[in-house]
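Visitor: This is the structure I have questions about; it appears just below.
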Amino acid sequence: MAVPEPGAVPDRADGERAGELDVSKAELADADPAGADLADADRAGARELLRLAVPALLVLAAEPLYLLVDTAVVGHLGTTALAGLGVAGALMALLMLIGQFVEYGTTSRAARWFGAGRRESAVNEGVQASWLAVVIGLVVIALGEAFAHPMIGLLTGSNGEVRHAAESWFRIAVVGTPGVLLVLAGNGWMRGVQETRQPVRIVLVANALSAAASPVLVYPLHLGLEGSAIANVAAQVVGGVLFLRALHRSSPSVRPQWTVMGAQLVLGRDLVLRSAAFQVAFLSAAAVASRMGSAQIAAHQIGLQLWEFTALLLDSFAIAAQSLIGAALGASDDTTARRMAGQVARYGLWAGCGFSALFAAGWVLIPQAFTSSHAVQHQAHLLWPWLIGMLPAAGVVFALDGVLIGAGDVGFMRTITLVAAVGAFAPLNLAALRWHWGIGGVWAGLTAFIGVRLAGMVWRTRTGHWIVLGEQR
């Protein structure tokens, strides 16, 4: 099979252009050789990056916006309910890590096929990822229901009220796991083929329905914290069904192919280990904060939701980079891949600085939107300087995550994340508990986690070892 020339763009099956990876040779023919070529290429790359990043931003923002609304709704039930949501949410994230690769791994593999002009093979990656999503989701439900009580007990210690609240929420929410994974798989293959509209519509519809249902279930129907969990499951089911419908329309065959799923699992192994490192760090933080007191774990939940919300928004550049880097390498265009890596890192830095300034300005008002408890607000103010201080570095880290995932260089990402979690984050969290540093000590650990990853990711990107050309790595 012929490999497209650098800068060439494969057409969609329906005749539409998939988007340009680079300026065409015709556009560059009359360029000023003293530097206009590079400037034109940068502008073209920026247009493509923004074309994919803006829809990705809307998709990424939908889920955390719903979680922020849900956190605010639950927060007014009281400190115990908010603390229970924080613990149960951390445990849910731990179980979900075994299936997260169906999103990022699918994007990387689908983008390479797409860049090589083989859209049908790219969509097939979504079919196989969806089969994996259903199987893994059912396994997660079984494990979650079987071990909910002891796992939540490890996180809450002797705090019986928080333990009961967390378990009641978790047992309902875990039922929606297959839907969550189907949404991740759907986003993965659509990003790989640079389909930008359908994911936005699907995710916004699902989360808008759930955001409207949550306050109704919690308050007028008097379901309390359990109402929040039911609203979560509703969003996940709706989103999963809509993505399956879109996949069925795009693929002539939905049969499982074990060789493709096996290749996805090999790529997923390192992504799962990377995600495990994240969750070990976050679970240790939740466990330490819960042992400091209900006000501390409630404040930690507020700070963590804001941090995750910001991280996902910053990930919009990373998502665009995954698609464009993968497609460029699939088309054997290393020049575009290198240029895109530098652009996305700069954009991540600027965005991180912007969010840092925004949270600094909202130091008083933002915590008040989530809780009326003065004790919780005080603890939130203690972690706030760490939150706003780490965001510029986090913007670069998340952007470079997208570069390396798009290139399939997940082995290095696994290693640097494990080093940051085990060598920086976890020790500082445990030290914060042992020497009574308070919630600020917990967030110092998170800041160190970002710092170690920043150093490693910048070094790796500059070496160029991540560049491997061809349909698949």
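Visitor: What is the diffusion coefficient of segment 135-220 in µm²/s, taking the Kirkwood radius over Cα pairs and the Stokes-Einstein relation at 25 °C with a viscosity of 0.890 mPa s?
Guide: Details: Rh = 15.3 Å.
Translational diffusion coefficient: 160 µm²/s.
Visitor: Is the shape of segment 59-155 best called rounded, prolate or oblate, per the rule: a/c under 1.5 gives rounded, else a/b larger than b/c gives prolate, else oblate, with a ≥ b ≥ c the square roots of the Cα gyration tensor eigenvalues?
Guide: Numbers: a/c = 3.89, a/b = 1.88, b/c = 2.07.
Here segment 59-155 falls in the oblate category.
Visitor: Restricting the calculation to Cα positions, tell me the Rg (one decimal) and the Dmax (whole number) of the chain in Å.
Guide: So, for the chain, Rg and Dmax equal 22.0, 73 Å respectively.
Visitor: How long are the three semi-axes of the equivalent ellipsoid of segment 370-411, in whole Å, if each is the root of 5 times an eigenvalue of the C-alpha gyration tensor, listed from largest down?
Guide: Values: eigenvalues 239, 24, 10 Å².
Equivalent ellipsoid of segment 370-411: 35, 11, 7 Å, largest first.
Visitor: Can you give the angle from 0 to 90° between the axis of helix 160-173 and the longest principal axis of the chain, with both taken from C-alpha atoms, to the nearest 10?
Guide: With rounding to tens, the tilt is 40 degrees.
Visitor: Cα-based Rg (one decimal) and Dmax (whole number) for segment 340-464, in Å?
Guide: Cα only, segment 340-464: 16.3, 50 Å (Rg, Dmax).
Visitor: Assuming a ≥ b ≥ c are the square roots of the Cα gyration tensor eigenvalues, decide whether segment 290-390 counts as rounded (a/c under 1.5), prolate (otherwise, with a/b larger than b/c) or oblate.
Guide: Numbers: a/c = 4.08, a/b = 2.81, b/c = 1.45.
Judged from the Cα gyration tensor, segment 290-390 comes out prolate (a/c at least 1.5, a/b above b/c).
Throughout, read-outs are computed from the coordinates displayed, never taken from laboratory work. Here the structure is a predicted model, which means the values were calculated and not measured.
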